[in-house]
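Rule-based calculations on the coordinates, nothing more; no lab input. Because the structure is a prediction, the values reported are computed rather than measured. Ideal geometry is used to build each Cβ from the backbone, glycine not excepted, and the neighbour counts take in all protein chains shown.
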Amino acid sequence: MTDLKLRYLKGCPVGCDSGLETTQYVLPEGALLRCSACGQLISQCTSTDYWQSMQEFDDPKGTLPVTGSEQRSFRRGKGFLKQISKLLNQSPGQVRLLDVGCSSGAFLNTAVNLGFLAEGIEPAPKAAAAALASGLNVRQGFLQEAGYADGKFDAVTLIEVIEHLSQPLELLEEIHHILRPGGVLLIGTGNAASWSMAAMGSRWEYLSISKHGGHISFFSPESIASLAQRSGFSVVAVRTRRVSFYEKGDCGMPLYHVAKLAGDLLNAVAGLLNKGHDMAVYLRKI
């Protein structure tokens, strides 16, 4: 076990005071730890390893989709935005939206193209500069320092951000301030209670800080619900998709293709049971 003084995460990021249990999911930095209260899984990586891994995000390309995946990325973002508009009962042109951790603006660009009154905030200077250069309304910095007015936004999106945070409760409390009453927060992250996690365990690529910089905190629908309750939100919808049994390179290609087909066939059922590994949780400000 990594020395507590060296570990980046000292306790449950959700805010529980309960102890941490060692799990059977062993990674290079040590076994994942589980909060005995909410079930949150956390990495034992050191502060040095965490900050080194986070350097990959200060890049002008940011999280722009790779060549050939642009349409898939657009469809995914469009699905998120359609659900937000539906929950707010507002047309896109009426929705004031803030994308927190917008990187170089891929999702934000989708929102603008669909007519949302969208802007973003991004701490990585090079990624934020690239978003600005593309014509998007983006601030560089951290949300807690931005000084947005209370109730300024109808919706906030937090996509592939929360798994990087040591103190997500502080961020959600600030989002609560800047959302209007009844406003919607979308959190997109991996699902640690998924069938993929159950099948692959420590082989699940999402857990790897070397392949996915800064991934240190792994949520389930249950731990998200606990975080929501602590920060003044209620869960209104959980959507999950995708099932995997092997990552490429874990097995021979024939077995990989068979397993991929099995995952595709199970995708609909996984969505019904919240067992897909790609999770979107929609919260409403109480």
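Just one of (i) 20.5, 77; (ii) 18.5, 55; (iii) 17.6, 55 is Rg and Dmax of the Cα atoms in Å as worked out from the coordinates here. Which one is it?
The calculated read-out lines up with (ii).
Taking 0.36 nm per intervening residue step and subtracting the Cα-Cα distance, what contour gain separates Asp3 from His257 on full extension?
87.4 nm
With contacts defined as alpha carbon pairs under 8 Å and 6 or more residues apart, what's the relative contact order of the chain in percent?
18 percent
Which of Asp278, Asp264 comes first, and how do the rest follow, when ranked by fewest Cβ neighbours within 10 Å?
Asp264, Asp278
With +1 on each Lys and Arg Cβ and -1 on each Asp and Glu Cβ, how big is the dipole of the chain about its Cα centre, in debye rounded to the nearest 20?
Computed about the Cα centre, the dipole is about 880 debye.
Show me 57-67, 213-223, 148-158 ranked by packing, highest mean number of other Cβ atoms within 10 Å first.
213-223, 148-158, 57-67
With only Lys, Arg, Asp and Glu charged, each at its Cβ (+1 for the first two, -1 for the last two), find how big the charge dipole of the range 201-286 is about the Cα centre; round to the nearest 20 debye.
Here the range 201-286 has a charge dipole of around 280 debye.
Charges at C-beta only: +1 for Lys and Arg, -1 for Asp and Glu. How large is the resulting dipole of the range 120-165 about its Cα centre, in Debye rounded to 20?
Its charge dipole is roughly 200 debye.
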